[in-house]
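As structure tokens, the structure follows; a few thoughts come after it.
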Amino acid sequence: MARRADPTPGHQRLLGLAAVAGLAVATALAFGRVFAGRAPTLLLVAAALASVAIAALFERRGLLLATLASLAGLAFAITWIVLPQTAWYGLPSVRTLRAVGRSLEFVGQQARVRVAPTPPLPPLMLAAVTAVWTAAFSSHALAIRAGSPLLAVLPPIALVGFADTVLEDGARPIYAIVLLAAAIAVVFADGLRRVRQWGPVWSGSRTRRLGPSVRGSRPVALMVIAAAVLVPGLLPGFRSGPLVDLSTAGDEGAGLDPFISIHAQLDEQEVRDLFEVRTTDPQYWRLYTLEEFDGEEWRSKDPDGSVGGQTLTVPTVLPQPPGYAPPPDTQTKPFTFRILTDDFDSTRALPMAQTPEAISAGDLGDVTWDPNRGQAFVDGLDAGLEYGITSRIVVPTPDQLDQVVNLTSLQYGDWTDLPGDDVLDPQIGEIADDWTAGAVSAYDKVLAIQRHFHSDGFRYDTDVEVDDSADALLEFLTQTKEGFCQQYATAMAVLVRELGIPARIAVGYQAGTLQDDDTYLVQTKDAHAWVEVFFGGYGWLQFEPTPGHGTHPNAQAGSYLNPMTQSDGQGGQVDGRGEPIGPGRGGAVECLTSGSPSERQLACKTEFLLVPGLVPGSDSGFGRLPPFGATGTPDRSRYSVPYRLILLGFLAVLGVFLIVVPIAKSAWRRRLLRRSREPRDHVLAAYRVFDGEAADLGLGRRDGETLDEHRARLAAAIAFTDGHLGRLTSLATRAAYASEAPTREEANASADDARNAIRELRRDAGIIRRIVGTYRPGL
């Protein structure tokens, strides 16, 4: 029985498309392991399939048009997956462009400080969606357009190889099997396409669709896959440490930038539990301190305690700095900490309340203790680790701190050092003097600086550009006045040091959320930085410069953080020094001093809501507050991208493109006809111009299609008159294959026939297809 002919190349095309889609899905599944949870992986799979779908829709179009369509699809994918809150009715907006610009600035920083699997932070998801989308589109272009299946496998392998490099989850053969199977499918589909060029592949038999096969080929293929998956586990060095460690975890990893870590945690879309503390006296939980400022960033000279630290065995009393004596009228408090996650802090610093005096319990092993900085380090912080800290809570009164003297740079040089005027603008020192004009004691000056940040238009905002340069510091103090704890802690510590008062920055977490009578849950959203100032006889005391970010737990009425309020006799209020208190004057709102811990926390946490004028929509020193849930803030910093100029430039380029492309294509085709001197060349040039015009309308000659087949297909779709297309096709066939060349008259007639046939094609196509075809890539 005769075999029926191969019915259509559609089977082969669908097989190739399915193979590429499978490769894209396998890549997204394997690469998605760098994120915690299943949702990011599913979103990456959806992005990969969408990229392949767009590539398939524009498969028969030019590569430039397909690339532009893919870029448009990527813009929508980023908007819907990564930045949905910036969309305008589902469409990318200017806010989306701004958010992408901000995220791009943090991609490198987040990649450096994060350890996989990481939460799906916007900067990292932006990079992941872009990478998966690009890899899928590239694979389709290489496999389907270029017919290079081996090259098509390289982008997915690169992505999966990156995931395997940053992850430490051991052998995962299922991902390797799926990826290898998808890669083999792509190679098989391309091989089938090549074999089909020699004749039909699909037979009429339903039992043997591919006809005779090589005996034993399937067992060989299975053996190859099994070897590729299993043999690496038998090789020497499998699961050993990498030759080059690019991660930040462990002892050999790069140091963690504390400010980058704070901003990353505050920006996390999914809040994570870090640790919990059992106590009736919530505090700020400090990890480590930063005492050196070079004009651009704060850092620690001894970030892990290896220089000034001493090794102790738990339980133990913690040695204190020379000359330390417990301040009068203070008492110690017990705190029990329990770590809730393995991915907590790469610095190995123990969270503890200030000022720690003993580690009373816990399976910590040896502890490295730095008495000068009051911080401790252990080998690792694993989920379930529990330990106890005894800390002395020092909360002096304003009158007590007023008596502290001898706070000079000569006595505390290391803690008052600042870069010279060639690095730090002299105006910053002038600002410090101006803000503290009239203040007498060192405490008065520090409190005046803190209060100034709680007024004068300063506003809390995490959606700002992160820049620690001296220029950015001056602009923050005088112009932008927007930022999160990094900007406020940096600015206050520098201003305090400008006055010769010892200051440093502390990094850690706020008290957290009360769970029951004595347990506080600390999460990533509680990451924070504050300022510590040294007062002789009392040690390092905490100050809170960040406005609108809650109240310090020790800001009880009458404490150094919250001087007692009293009436001024005229319907207003003044603090203990007679300073007037108005809306936005931080540190002057009375918190409850009685009641349960939850009541005290509620009163302090709602400080700014209790101050008249500071309600949503009111005009106050903070400016107009946004409604709850609002995203984005006015961009008033000089670091913003010139979006208007970019838009105008894009419109100018688009206008030039719309004008130049039709003129260039028409000029090139006219020139092609004029330069053809010989009759044979003139006929072929006329047919080439006709074929280009037909291709603009989606009716160009297909690969492998003869001139007569092309004519028959067009004649079946369009009613040509006077035989223009038939005469042009016959002359072009003679010019291309016959030994006798056409005459000059026939050559001139072919150009007329081409013009008439083009006119009939365009008339039948309609205005929309004609306009779109004008800008089709290709001549």
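Points worth noting:
- Residue that is farthest from ASP302 (Cα to Cα) [pool: residues in the stretch 315-364 that are touching a residue at least 60 places away in the same chain (Cβ under 8 Å) and among the β-branched types (Val, Ile, Thr)]: THR330
- The residue pairs whose first member lies in the stretch 71-97 and is of a type in the set (Ser, Thr, Tyr), whose second member is not in a helix (DSSP H, G or I), and whose beta carbons are closer than 7 Å, counting only pairs six or more residues apart or on different chains, are THR79/ALA87; THR79/PRO92; THR86/SER93; SER93/ALA87; THR96/LEU83; THR96/ALA87.
- Flag if PHE293 is in contact with a Lys or Arg (Cβ under 7 Å, 6 or more places away or on another chain), at pLDDT 85 or above and open to solvent by less than 40 Å² (accessible area, probe 1.4 Å): no
- Number of the exception - ALA325 against (1) closer than 25 Å to GLN400 by Cα; (2) in a loop (DSSP other than H, G, I, E, B); (3) open to solvent by less than 50 Å² (accessible area, probe 1.4 Å): (3)
- Matching residues in the stretch 359-387 - criterion: being closer than 18 Å to ARG338 by Cβ and in a strand (DSSP E or B): ILE359, SER360, ALA361, GLY362, VAL367, ALA376, GLU386, TYR387
- Of the residues examined, THR316 is not one that is at pLDDT 85 or above, open to solvent by 60 Å² or more (accessible area, probe 1.4 Å) and among the hydroxyl-bearing types (Ser, Thr, Tyr).
- Taken together, the criteria exclude ASP752 from residues that are surrounded by fewer than 16 Cβ atoms within 10 Å (Cβ to Cβ), over 60 Å from the mean Cα position of the chain (by Cα) and either modelled with pLDDT under 85 or under 14 Å from HIS682 (Cα atoms) (or both).
- Scope the stretch 13-52; condition without any contact (Cβ under 8 Å) to a residue 12 or more places away in the chain and within 25 Å of the chain's Cα centre (by Cα); matching residues: ARG38, LEU42
- Residues that are surrounded by fewer than 23 Cβ atoms within 10 Å (Cβ to Cβ) and assigned to a loop (DSSP other than H, G, I, E, B), drawn from the stretch 296-311: GLU296, GLU297, SER300, LYS301, ASP302, PRO303, ASP304, SER306, VAL307, GLY308, GLY309
- Residue in the stretch 696-712 that is open to solvent by 70 Å² or more (accessible area, probe 1.4 Å), touching a residue at least 12 places away in the same chain (Cβ under 8 Å) and touching an Asp or Glu at 6+ places or on another chain (Cβ under 9 Å) present: no
- Against the numbered list (1) touching a helix residue (DSSP H, G or I) at 6+ places or on another chain (Cβ under 7 Å); (2) open to solvent by less than 30 Å² (accessible area, probe 1.4 Å); (3) modelled with pLDDT under 85; (4) of a type in the set (Gly, Ala, Ser), GLY413 comes up short only at (1).
The values are calculated or read from the model by the stated rules, or taken from the named source; none is laboratory data. Just so it is clear, the model here is predicted, and its values are computed rather than measured. When we count neighbours, we look across all protein chains shown, and the Cβ atoms used for this are built from the backbone with ideal geometry, even at glycine. We work out accessible area using only protein heavy atoms, side chains counted, and drop any ligands, DNA or RNA first. Shrake-Rupley method; radii C 1.70, N 1.55, O 1.52, S 1.80 Å.
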